[in-house]
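Visitor: Input: one structure, supplied below.
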């Protein structure tokens with residue numbers, strides 16, 4: 001199952017860093033938060049990624065272009081008048097990464113629609129490139145397969161200003177709306193599993209995925225929630241970035257299940 005990561009936004013609320021790079025490339029613990037998210041999926045055996053890039057998309061492409069080089073022991077041999085390279089040991093993950101320029105001002109739904117040719121006729125995972133989580137992704141995928149609906153999202157209960165979910169007793173999402181300050185309800189944390197029929201719900205570049213498509217799926221009974229009572233945190237502000245950095249420094253980052 002392929003993993004789609006939305007990484008094309010401007011990240012204006014953390015502009016002190018995002019003026020130089022896309023928000024998913026802002027580093028915590030010396031690596032982009034995008035890398036941390038990919039490591040989460042890789043831990044559960046999901047190693048094929050499609051990155052929906054946009055704002056400063058060249059930064060993402062250049063980072064991955066250099067990744068193998070930076071994680072290898074290598075000899076550069078110029079003695080024969082050539083730039084021969086000998087790889088001795090490499091320490092990269094078994095990843096296949098496709099970086100797609102999905103446009104500068106494209107909305108979230110439009111970005112997903114644009115990567116349809118890279119998905120094929122199979123379910124795929126999708127999440128946002130600015131939040132980490134310790135959800136069991138293997139169990140999430142199994143849950144999605146078990147109910148047969150078009151979409152599953154991971155729901156967490158936090159006091160955050162994200163999309164609020166009205167969840168019924170059967171875990172079906174009954175409604176999807178914007179959060180108000182008085183809510184203490186489940187929110188959409190991303191970490192979704194989507195069937196390819198989802199592309200039919202997205203009109204074009206101006207479609208905000210969290211509004212029209214998810215609202216329509218909820219109304220039709222095709223949107224299910226996977227309740228996660230563990231850790232989830234987005235990185236919208238410098239304060240949140242510093243908080244994630246501190247967890248990594250202290251060796252207590254809940255999402256970091258892999259060994260160094």
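Visitor: What fraction of the DSSP beta bridges in segment 2-249 is antiparallel, stated in percent and rounded to the nearest 5?
Guide: On the way: 26 of 47 bridges.
That works out to approximately 55 percent antiparallel.
Visitor: Next question. Nearest 10 degrees is fine. How inclined is helix 57-70 to the longest principal axis of the chain, computing both from alpha carbons?
Guide: Result, in degrees: 50.
Visitor: Order by neighbour count: 107, 235, fewest other Cβ atoms within 10 Å first, most last. Before the final figure, lay out each step's value.
Guide: On the way: 107 22, 235 27.
Least crowded to most crowded, the residues run 107, 235.
Visitor: While we're looking at this one, here's another question. Between residue 58 and residue 19, what is the FRET efficiency for a Förster distance of 25 Å, r being their Cβ-Cβ separation, to the nearest 0.05?
Guide: Working: r = 15 Å, r/R0 = 0.60.
Calculated value: 0.95.
Visitor: Further question: Counting other C-beta atoms within 10 Å, which of 234, 133, 92 has the fewest, and how do the rest follow?
Guide: Details: 234 18, 133 23, 92 11.
Neighbour counts put them in this order, fewest first: 92, 234, 133.
Visitor: May I ask you to compute the full-extension gain from residue 118 to residue 243, defined as 0.36 nm times their residue separation minus their alpha-carbon distance, rounded to one decimal in nm? Before the final figure, lay out each step's value.
Guide: On the way: separation 125, 0.36 × 125 = 45.00 nm, distance 3.51 nm.
Going from the current span to full extension adds 41.5 nm.
Visitor: Another question, if that's okay. How many angstrom separate the Cα center of segment 128-158 from the Cα center of segment 50-68?
Guide: The two parts, judged by their Cα centres, are 25 Å apart.
Visitor: Something else about it: For the chain, what does -39500 (n - 2.57) per DSSP helix run (n ≥ 4), summed and divided by total residues, give at 222 nm, in deg cm²/dmol to the nearest 500?
Guide: On the way: 7 runs with 67 residues, N = 260.
Mean residue ellipticity at 222 nm (helix-derived): -7500 deg cm²/dmol.
Visitor: Among 128, 231, 67, determine the one that fluctuates most according to a GNM of the chain built with springs between C-alpha atoms less than 10 Å apart.
Guide: 67
Visitor: Please tell me the relative contact order of segment 2-249 in percent, rounded to the nearest whole number, where contacts are Cα pairs under 8 Å and at least six residues apart.
Guide: Details: 473 pairs, mean separation 56.9, N = 248.
This gives 23 percent for segment 2-249.
Visitor: Same structure again: For the chain, take the longest principal axis of its alpha carbons; what is the angle in degrees between that and the long axis of helix 137-147, to the nearest 10 within 0 to 90?
Guide: 40
Visitor: Assuming 0.36 nm per residue, please report the length gained on full extension of the stretch residue 157 to residue 72 beyond their Cα-Cα distance. It would help to have the intermediate numbers written out before the result.
Guide: Numbers: separation 85, 0.36 × 85 = 30.60 nm, distance 4.14 nm.
In short, 26.5 nm is gained.
Visitor: Could you give the length gained on full extension between residue 166 and residue 142, defined as 0.36 nm per residue of separation minus the Cα-Cα distance, in nm? Display every interim value, and only then the final one.
Guide: Numbers: separation 24, 0.36 × 24 = 8.64 nm, distance 2.25 nm.
Contour length minus the Cα-Cα distance gives 6.4 nm.
Visitor: Cα convex hull of the chain: how many Å³ per residue? All intermediate terms of the calculation are to be shown ahead of the outcome.
Guide: Values: hull volume 37.8 nm³, N = 260.
Looking at the chain, the number lands at 145 Å³ per residue.
Visitor: Could you state the angle between the C-alpha long axis of helix 238-249 and the longest principal axis of the C-alpha atoms of the chain, as a value from 0 to 90 degrees rounded to the nearest 10?
Guide: 60
Bear in mind these aren't lab numbers, they're just calculated from the coordinates by the rules spelled out. Remember, predicted model here, so these are calculated numbers, not experimental data. Cβ atoms come from the backbone with ideal geometry, glycine included; neighbour counts cover every protein chain shown.
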